[in-house]
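Chemist: Could you have a look at this structure, given as structure tokens, before my questions?
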Amino acid sequence: MSNAITLARPYARAAFELAKGEQAAAAWSQKLSFAAAIVGQSVVQGLITSPKLGAIDRVSLFQPEGEASDSAFSRFLMLLEVNQRLALLGEIAGLYEELRADYERTLKVHVRSAMAIDPAQQQQLIGALAKRFDRQVSLDVSLDPELIGGAIVEAGDVVIDGSLRGKLKRLRAELAQ
């Protein structure tokens, strides 16, 4: 685990608790996503460490337009500024989304398939994965012709490789022993 993730984890938990308290988990997701996109730009990395900018100016870089300066989100950003953790906004946003998904019992599943998956097959897959993980599932499907056939399903830390390329790789490894 990287040091940035370790440092970001308590801030993500705090943000999630604040959002839950306001019953605004989705709104905080959007705000943190916005802030993460901003902090990811190389020019901003220099600005958040620049002594030429004051704390309020640094925080204002990450506030969505119309956000009140006394809102919980603004105070959260100021806490990050005071502790010199604005650079962690990307990691904080990612960890926040994990906490939110766990709380809402949702799971985003990425499926890479060699061929297009028709809607009926997608619904079957959603049903099977929802049953297996006991969560509400949303699919993100992409085509990957390098798989030759089959699909690879990535659900959190679980990877199910049902691709022909994966099977050939495993067969090759068995034959090499």
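The values are calculated or read from the model by the stated rules, or taken from the named source; none is laboratory data. Bear in mind the structure is a predicted one, so any value in this text is a computation, not a measurement. Ideal geometry is used to build each Cβ from the backbone, glycine not excepted, and the neighbour counts take in all protein chains shown. Ligands, DNA and RNA are stripped out before the accessible areas are found, and what is left, the full protein with its side chains, is counted by its heavy atoms. Shrake-Rupley method; radii C 1.70, N 1.55, O 1.52, S 1.80 Å.
Chemist: Given the residues Ala35, Ala19, Ala27, which is the only one that is open to solvent by 20 Å² or more (accessible area, probe 1.4 Å) and not β-branched (Val, Ile, Thr)?
Modeler: The unique qualifying residue is Ala27.
Chemist: Would you check which residues across segment 160-172 are surrounded by 11 or more Cβ atoms within 10 Å (Cβ to Cβ), assigned to a helix (DSSP H, G or I) and either hydrophobic (A, V, I, L, M, F, W, C) or in contact (Cβ under 8 Å) with a residue 12 or more places away in the chain (or both) and list them?
Modeler: Of everything in segment 160-172, those that are surrounded by 11 or more Cβ atoms within 10 Å (Cβ to Cβ), assigned to a helix (DSSP H, G or I) and either hydrophobic (A, V, I, L, M, F, W, C) or in contact (Cβ under 8 Å) with a residue 12 or more places away in the chain (or both) turn out to be Leu164, Arg165, Gly166, Lys167, Leu168.
Chemist: Which residue is nearest to Tyr11 (Cα to Cα), if the candidates are limited to segment 43-77 and must be aliphatic (A, V, I, L, M) and open to solvent by 60 Å² or more (accessible area, probe 1.4 Å)?
Modeler: Checking each candidate, the answer is Ile56.
Chemist: Within segment 106-121, does at least one residue satisfy the condition of being open to solvent by 100 Å² or more (accessible area, probe 1.4 Å), under 24 Å from Ser29 (Cα atoms) and modelled with pLDDT of 90 or more?
Modeler: Yes, segment 106-121 contains at least one residue that is open to solvent by 100 Å² or more (accessible area, probe 1.4 Å), under 24 Å from Ser29 (Cα atoms) and modelled with pLDDT of 90 or more.
Chemist: Hey, another quick one. When you go through (1) hydrophobic (A, V, I, L, M, F, W, C); (2) open to solvent by less than 50 Å² (accessible area, probe 1.4 Å); (3) touching a residue at least 60 places away in the same chain (Cβ under 8 Å) one by one for Leu99, which number turns out not to apply?
Modeler: With respect to (1) hydrophobic (A, V, I, L, M, F, W, C); (2) open to solvent by less than 50 Å² (accessible area, probe 1.4 Å); (3) touching a residue at least 60 places away in the same chain (Cβ under 8 Å), Leu99 is out only on (2).
Chemist: If you go through segment 129-159 one residue at a time, how many are of a type in the set (A, V, I, L, M), open to solvent by 60 Å² or more (accessible area, probe 1.4 Å) and outside any loop (DSSP other than H, G, I, E, B)?
Modeler: Within segment 129-159, residues that are of a type in the set (A, V, I, L, M), open to solvent by 60 Å² or more (accessible area, probe 1.4 Å) and outside any loop (DSSP other than H, G, I, E, B) number 2.
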